1. Given the criterion at pLDDT below 95, away from the ligand (no atom under 16 Å from the Cβ) and assigned by TED's automatic domain parsing to the domain that holds residue 88, identify the matching residue among 175, 138, 179, 202.
2. Of all residues in the stretch 115-126 being within 16 Å of the chain's Cα centre (by Cα) and not aromatic (Phe, Trp, Tyr), which is surrounded by the fewest Cβ atoms within 10 Å (Cβ to Cβ)?
3. Just one of the numbered conditions (1) assigned to a helix (DSSP H, G or I); (2) without any contact (Cβ under 8 Å) to a residue 40 or more places away in the chain; (3) not acidic (Asp, Glu) is not true of residue 120; which one?
4. Would you check if there is a residue in the stretch 244-259 being among the aromatic types (Phe, Trp, Tyr) and either within 16 Å of the ligand (Cβ to nearest atom) or closer than 18 Å to residue 339 by Cα (or both)?
5. Pick out, from the stretch 37-114, the helices (runs of 4 or more DSSP H) lying fully within it that include 3 or more residues that are surrounded by fewer than 19 Cβ atoms within 10 Å (Cβ to Cβ) and either more than 13 Å from the ligand (Cβ to nearest atom) or basic (Lys, Arg) (or both).
6. Out of the stretch 155-192, which residues are part of a strand (DSSP E or B) and closer than 19 Å to residue 220 by Cα?
7. Residues in the stretch 151-159: is at least one within 21 Å of residue 338 (Cβ to Cβ), touching a helix residue (DSSP H, G or I) at 6+ places or on another chain (Cβ under 6 Å) and surrounded by 21 or more Cβ atoms within 10 Å (Cβ to Cβ)?
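The values are calculated or read from the model by the stated rules, or taken from the named source; none is laboratory data. No experiment lies behind these values; they were computed from the predicted model shown. We place every Cβ from the backbone using ideal geometry, glycine too, and count neighbours over all the protein chains shown.
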Amino acid sequence: MDPQARPILREVPAYVSGRRHAAGVPCDVLLASNENPLGPSPLALEALERARLGWARYPEDDCADLRQALADRLGVPPACVAVGAGSTALLKLLAEAYLDRHRLLVCAWPSFPYYPVVAQLQEARTVSVPLDGQGRHDLPRMADHAAAASVVVVCNPNNPTGTYVSKAELEAFLDRLPDQVLVVVDEAYGEFARAAAADYPDGVRWVREGRRVAVLRTFSKVYGLAGLRVGYLVAPAEVVEAVRRVQEPFQVSSPAQAAALAALEDSEHVARTLQVVAEGRQRLHQLARQLGLGTYPSVANFVWMDVRRPAEQLAAQLMRHGVLVRPGPPGTTWVRVSVGTPEEIGRFEDALRAALGASG
Ligand SMILES: Cc1ncc(COP(=O)(O)O)c(C=O)c1O
C-alpha cells in the first residue's frame, strides 16, 4: 500500500470476489456469486445488438428511460429512482452521501461484507449485530443501536444465510427508529424471496408511504446481467438527489441501460429463472438434509451449508472437481452454494459427496 494513500486504506480489507478464490484453478461450475444460471435475458441480448451503433456516444447521464420504466412499474415518481453501476456502486454512493467519521452504520453479521467496507472508507463506525439463532437479522438488537446511527442496512433476504425478515417484523423495526435514520433495505435477491414467501415485504411500499427507506435492487441476479453492472435505488426524492450529487457522470454505460430496459420486460425469462431456482434450491436443501449438513431455510438463489470442516478446505476440494462455491469467513465451517442448473447441481453433489467421503 502506498504510504501516501489515506491511512484508512491500510485497514480496509480488499473485496474478494467469488471468482478470485479460483486463482489458477479452472472451474466450469460457477456457484460462488449467485448469478443467473440461465444466463442473460434473450430480449436483453437483442437490445444490446440494436444499441451498439450508439456506443461511440456518451450514455444518457440520467438514465431517463430506465428510471421512467422502473418508476412506472413501482408506482413512484422517477425522481425517487437512481440507477448505478450495480447496487454495490449505489451502496458506496449512499455511504459517501450519508457517512463520515462522526457517523455510524448498523448492519447484521454475517451479511454482505461490503456494508462495513463502505462505512470504513468514509471513516465511519460500524456496529455489526450478530444474526439470531435462525440465521436471521436480530431486528430488536439492531434497533437498540440504530438510535445513534445515520444508516441502518437490512439485507433482505440476507446474504449469505438466505433467510428473510417479514413485513410485520420490518414494519415494527421501522416504527422503533428515530426519523433521521436512513434504513437501506438491500433487496438484491428480492424477486426470489417474493416468489417463495407470502409475507416477504416489498420495501418500495415504505418509500411510497414517505418513510426514510432506501431500497437497493439489481439487474445482476434474476435478470442475469451481472457482467453489465446495473442496479437501482428507490428512495425519497431528497435521498436520490443526495446520491446523484456524489455519483460521477456517465456511471451506467449505454449497453447496460439498453439491456436492463429490455430485461425488465422479459417476464418469461424471469419466470423461468424463478422456477429453476425454486427447484434447485429445494434440491440443495434436500441434499444437505441427506448428508446431515446444517442449513437455514433459504428464499434466495443460494443455500448456506455447514460442511462441518474448514470451509476453505472444502471449497478447495470442490475446486479440484471444477466446482466453485463461496466459503464463509476464515475459520468458519459454512459455504454458500448458488443455485445452478440441474446439471450444475449434479456436478456439485458429486463433488461434495466425494469431498465428504460420503458417496452413498
Ligand atoms: C446482498 C447483496 N447486495 C448487493 C450485491 C451486489 O449486486 P450488484 O451486482 O448489483 O452490485 C450482492 C451481490 O452478490 C449481494 O449479495
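1. Step by step, each of 175, 138, 179, 202 is checked, and only 179 is at pLDDT below 95, away from the ligand (no atom under 16 Å from the Cβ) and assigned by TED's automatic domain parsing to the domain that holds residue 88.
2. My answer is 117.
3. Of everything listed in (1) assigned to a helix (DSSP H, G or I); (2) without any contact (Cβ under 8 Å) to a residue 40 or more places away in the chain; (3) not acidic (Asp, Glu), residue 120 misses just condition (2).
4. No.
5. Here the list reads 42-51, 64-74.
6. Matches in the stretch 155-192: 155, 184, 185, 186.
7. yes
So that you can scan it fast, the table gives a plain yes or no per residue for (1) free of Cβ contacts under 8 Å to residues at least 60 places away in the same chain; (2) in the same structural domain as residue 157 (by TED's automatic domain parsing); (3) of a type in the set (Phe, Trp, Tyr):
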| position | (1), (2), (3) |
| --- | --- |
| 206 | yes, yes, yes |
| 209 | yes, yes, no |
| 212 | yes, yes, no |
| 218 | no, yes, no |
| 221 | no, yes, no |
| 224 | no, yes, no |
| 231 | no, yes, no |
| 238 | yes, yes, no |
| 242 | no, yes, no |
